[in-house]
Amino acid sequence: MTDSIKFLRIRKGLTQVELAKEVGVTFPTVSAWETGKSIPSPRHLKKLATVLDCSVEQIFLLLNTKKLDKNKQKQG
């Protein structure tokens, strides 16, 4: 999810600070999501999807794709 949130945020043209304000969290929270130190709560996932003009499923789809890529790299 870390890469997906960052990807979607950049696609939308938002900074971490702007996204944090839109979602109602702090900048360090968004930073932690993007670095994988924490994950958004279900409530925040819904808000993220709204702000980033995507679905919660898209966030998870991108997450799962990135996980698969990372697992392949570890195995390879």
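The values are calculated or read from the model by the stated rules, or taken from the named source; none is laboratory data. Quick caveat, the model's predicted, so the values are computed rather than measured. As a convention, Cβ positions derive from the backbone with ideal geometry for all residues, glycine included, and neighbour counts pool all protein chains shown. Protein only, heavy atoms only, side chains kept; ligands, DNA and RNA dropped before computing areas. Shrake-Rupley method; radii C 1.70, N 1.55, O 1.52, S 1.80 Å.
Here are the numbers for the structure shown:
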item	result
Exposure of T50 as accessible area (Å², to 10), given a probe of 1.4 Å and all protein chains	100
Within the stretch 8-64, GluC sites (Glu not before Pro) in DSSP loop having at most 16 other beta-carbon neighbours inside 10 Å	none
